[in-house]
Amino acid sequence: MKRAAVLSVFCLWPVVASAAEYSSVYTKFDLDTCKVIEKGDEYVYAGTWRCKGYKGIDVIQASSDDRSYVAFGRNGKDHCAFKKTFNRFNTALSPIEWRLKDGVPFAAIERWSVVTDDEGHSVTWLVINALKKNNSCHAHYIAGSYPDANAHARQAADDLAGDFNCDTDAPTVDSKVGEPGINMDACKDLGKE
């Protein structure tokens, strides 16, 4: 009997030891303190900035025609995430929530303010970005008005971002107010007619 109890403890040990630990950290950014990597023009392009992210991950942000573009990591301007923005005027907001698995960042959650009409009313959307070695991309969108939106964003990041393929997977949505008004194509299909 004693031997069976000891054996069952050892049989459980690998399962407990392999359970991943998920957590979050937050970083703030202010474009006024970020490094300008491309100056704006006198028309609609405000510029591109490199902001300090978490554990050396750059946050690359641009603004053109009152719309934000954001990517995470080196060469962010070449990432899929940098090719997507909401159709209407919008702003990517600070702070960024970084989802970590065993201390390693694998997703970034950022809240965006999106104008909904010509009077300037706005809503918010949470954009869950999958972080890959040489890419970052939108994996999921959650309307800011969705019940427990922040908790759902964390769960979506944990469930989707790790296995998300930036080239071939299309992002998904949780919303009770309709689609987010953004291109929902996979990266390989962006720009195809």
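The values are calculated or read from the model by the stated rules, or taken from the named source; none is laboratory data. Remember, it's a predicted structure, so these values are computed and weren't measured experimentally. Here Cβ is always computed from backbone atoms with ideal geometry, including for glycine, and neighbour counts include all displayed protein chains.
Please go through the range 66-108 and give me each residue that is more than 11 Å from the chain's Cα centre (by Cα), within 18 Å of L160 (Cβ to Cβ) and charged (D, E, K, R), ordered by number.
If the condition is that a residue be more than 11 Å from the chain's Cα centre (by Cα), within 18 Å of L160 (Cβ to Cβ) and charged (D, E, K, R), then K84, K101, D102 are the ones that fit.
Identify the residue in the range 164-193 that is part of a loop (DSSP other than H, G, I, E, B) and acidic (D, E) and, among all such residues, is nearest to I142 (Cα to Cα).
Of everything passing the filter in the range 164-193, E179 is nearest to I142 (Cα to Cα).
Among K35, K52, which is the only one that is out of contact with any Lys or Arg (no Cβ under 8 Å at 6 or more places or on another chain) and not hydrophobic (A, V, I, L, M, F, W, C)?
K52
Answer yes or no: is there a residue in the range 100-113 that is free of Cβ contacts under 8 Å to residues at least 12 places away in the same chain and either among the aromatic types (F, W, Y) or under 14 Å from S23 (Cα atoms) (or both).
Taking every residue of the range 100-113 in turn, at least one turns out to be free of Cβ contacts under 8 Å to residues at least 12 places away in the same chain and either among the aromatic types (F, W, Y) or under 14 Å from S23 (Cα atoms) (or both).
Which of the residues that make up the range 29-65 are acidic (D, E), in a strand (DSSP E or B) and surrounded by fewer than 18 Cβ atoms within 10 Å (Cβ to Cβ)?
E38
Mind listing just one residue for me: the one in the range 109-123 that is over 12 Å from G181 (Cα atoms) and surrounded by 13 or more Cβ atoms within 10 Å (Cβ to Cβ) and, of those, farthest from the chain's Cα centre (by Cα)?
S122
Looking only at the range 5-15, decide whether some residue is of a type outside the set (A, V, I, L, M, F, W, C), modelled with pLDDT of 95 or more and surrounded by fewer than 17 Cβ atoms within 10 Å (Cβ to Cβ).
No, the conditions are met nowhere in the range 5-15.
Which pairs do you get when a residue that is more than 17 Å from R67 (Cα to Cα), found in the range 28-54, comes within reach of a residue that is in a loop (DSSP other than H, G, I, E, B) and of a type in the set (A, V, I, L, M, F, W, C), reach meaning Cβ atoms under 6 angstrom, with the pair 6+ apart or on two chains?
C51/F29; C51/C34
Give S68, S94 a once-over and let me know the one that is buried (at least 20 other Cβ atoms within 10 Å of the Cβ), of a type in the set (S, T, Y) and either in contact (Cβ under 8 Å) with a residue 24 or more places away in the chain or farther than 23 Å from P180 by Cβ (or both).
The conditions single out S68.
Going through the range 149-179 one residue at a time, which ones are surrounded by fewer than 16 Cβ atoms within 10 Å (Cβ to Cβ), in contact with a helix residue (DSSP H, G or I) (Cβ under 8 Å, 6 or more places away or on another chain) and within 23 Å of S23 (Cα to Cα)?
Answer for the range 149-179, where residues must be surrounded by fewer than 16 Cβ atoms within 10 Å (Cβ to Cβ), in contact with a helix residue (DSSP H, G or I) (Cβ under 8 Å, 6 or more places away or on another chain) and within 23 Å of S23 (Cα to Cα): just T172.
Could we say that Y146 is buried (at least 17 other Cβ atoms within 10 Å of the Cβ), within 17 Å of F72 (Cα to Cα) and not acidic (D, E) here?
It is false that Y146 is buried (at least 17 other Cβ atoms within 10 Å of the Cβ), within 17 Å of F72 (Cα to Cα) and not acidic (D, E).
Consider only pairs whose beta carbons are under 7 Å apart and that are at least six residues apart or on different chains; among these, list those whose first residue lies in the range 174-191 and is without any contact (Cβ under 8 Å) to a residue 12 or more places away in the chain and whose second residue is not in a loop (DSSP other than H, G, I, E, B).
E179/V173
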